[in-house]
1. In sequence order, what are the phi-derived ³J(HN,Hα) couplings for segment 74-80 according to the Karplus relation 6.51 cos²θ - 1.76 cosθ + 1.60 with θ = phi - 60°, rounded to whole Hz, with x for glycine and proline?
2. Counting Lys +1, Arg +1, Asp -1, Glu -1, what net charge surrounds Ser58 among other residues with beta carbon under 15 Å of its beta carbon?
3. Describe numerically, in nm with one decimal, the distance between label points set 7 Å from Cα along Cα→Cβ at Gln77 and at His7.
4. Cα centroids of segment 74-94 and segment 55-69: how far apart, whole angstrom?
5. Kindly provide the pair-distance distribution of segment 20-94 built from C-alpha pairs, with 10 Å bins from 0 and whole-percent values in order of increasing distance.
Amino acid sequence: MLQKFCHILGIRPIELFADDMNEPPVSADDLVQLIRAECRSRGVTLGQFEDIVEWQLSSSIEPPEKLLEVMTLFYLQRLCQELQIDWRRVILSL
């Protein structure tokens, strides 16, 4: 959704939220790997992690790009909070 909006405006998504990110971007593939690693480190299933982040990830992570196509900014922020990463790093990769 965000990508479409920014395409119409002719700007990069990160320009809406930050202009000086010094951390590397987190791609959709990276995000899915982080989700899986977080599940392993917590000893929870993906379904249990979905309850924590309040978003149904399992139907959105294959292919990984789908996750960013359907996720709202609110849920991206919520997910990144649980993953302990700055959500703007994901936006930076768009």
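Here, each number is a calculation from the coordinates, and none is a lab measurement. Quantities reported herein were computed from a predicted structural model and do not represent experimental measurements. Note that each Cβ is placed from the backbone with ideal geometry, even for glycine, and that neighbours are counted across all protein chains shown.
1. Each residue of segment 74-80 in turn: 4, 6, 4, 4, 5, 4, 5 Hz.
2. Result for the local shell: -3.
3. The two pseudo-label positions are separated by 2.5 nm.
4. 14
5. 20, 60, 19, 1
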